Amino acid sequence: MERTLIIAKPDAVQRGLVGEIIKRLESKGLKLIGMKMSGLDETVLRTHYAEHVEKSFYTGLEQFMKSSPVVLMAWEGFECIDSVRTIVGATNPRQAAPGSIRGDLAIGVGRNLIHASDSKANGEREVSIFFENKELFDYDKSEYMHLYEDFERK
Ligand code: DAT
Ligand code: MG
């Protein structure tokens, strides 16, 4: 099973959309394995967004991500990286498909509500930046037999 790090960004917290984000991921059948509220500092943001630190938008991104607490979540599911990216929508909400979180609920690229890991490797890396092992939960989800074929449940 893949893991993805989801961050309900400061705009999601301020606009009261954290529940909506959780609802969409839960409804898909994904498993929540960790969740907490946190304020992010420069150090953790530079690690998390390592690929972007040299880019022109980084200063604004960092300032925004520090502007209020965020909700950090780890989710698990079969090939969940791709399905979550589809649910989240394109980086620029004005190009994000209707029905996606960004397509339905956001308009500015720098205020796009949510972070979701973009590869299996980044999912593992990002979950381990924000969560200790003891904060992640391994439990049976009884509906799995109604969501997955046997080979997908491994
Ligand atoms: P995503 O969050 O879809 O994975 P990304 O990794 O390319 O997108 O960029 C990280 C975040 O940086 C993105 O969610 C919003 C911000 N960002 C990206 N490109 C931007 C731009 N051209 N102007 C302003 N902010 C941008
Ligand atoms: Mg990204």
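Some observations on this one:
- Just one of the listed residues (I114, I101, I81) is touching a strand residue (DSSP E or B) at 6+ places or on another chain (Cβ under 7 Å) and near ligand 1 (Cβ under 9 Å from one of its atoms), namely I114.
- Within the stretch 96-154, tally of residues that are under 19 Å from the mean Cα position of the chain (by Cα), farther than 16 Å from D82 by Cβ and polar (S, T, N, Q): 3
- Qualifying positions in the stretch 76-86 - assigned to a helix (DSSP H, G or I) and touching a helix residue (DSSP H, G or I) at 6+ places or on another chain (Cβ under 6 Å): I81
- Only listed residue being assigned to a strand (DSSP E or B), surrounded by fewer than 13 Cβ atoms within 10 Å (Cβ to Cβ), hydrophobic (A, V, I, L, M, F, W, C) and in contact (Cβ under 8 Å) with a residue 24 or more places away in the chain, chosen from M37, M73: M37
- Of all the criteria given as (1) open to solvent by less than 10 Å² (accessible area, probe 1.4 Å); (2) out of contact with any strand residue (DSSP E or B) (no Cβ under 7 Å at 6 or more places or on another chain); (3) assigned to a helix (DSSP H, G or I), the one not satisfied by P93 is (3).
- Residue in the stretch 124-138 that is hydroxyl-bearing (S, T, Y), assigned to a helix (DSSP H, G or I) and away from ligand 1 (no atom under 16 Å from the Cβ) present: yes
- Failed item in (1) away from ligand 1 (no atom under 11 Å from the Cβ); (2) open to solvent by 30 Å² or more (accessible area, probe 1.4 Å); (3) closer than 30 Å to D150 by Cβ, with I107 passing the rest: (3)
- Residues satisfying the stated conditions in the stretch 46-61, i.e. more than 14 Å from ligand 2 (Cβ to nearest atom) and of a type in the set (D, E, K, R): R46, E54
- Lone unmet requirement of (1) under 12 Å from the mean Cα position of the chain (by Cα); (2) in a helix (DSSP H, G or I) for I7: (2)
- Residue match in the stretch 115-123 (condition: of a type in the set (G, A, S), in contact with a helix residue (DSSP H, G or I) (Cβ under 9 Å, 6 or more places away or on another chain) and away from ligand 2 (no atom under 16 Å from the Cβ)): no
- Restricting attention to the stretch 11-21, the residues that are more than 17 Å from T91 (Cβ to Cβ) and in a helix (DSSP H, G or I) total 5.
The values are calculated or read from the model by the stated rules, or taken from the named source; none is laboratory data. Not measured: the values here are computed from a predicted model. Neighbour counts are summed over all protein chains in view; Cβ atoms, including those assigned to glycine, are modelled from backbone coordinates with ideal geometry. Surface areas here come from the heavy atoms of the whole protein model, side chains and all, with no ligands, DNA or RNA. Shrake-Rupley method; radii C 1.70, N 1.55, O 1.52, S 1.80 Å.
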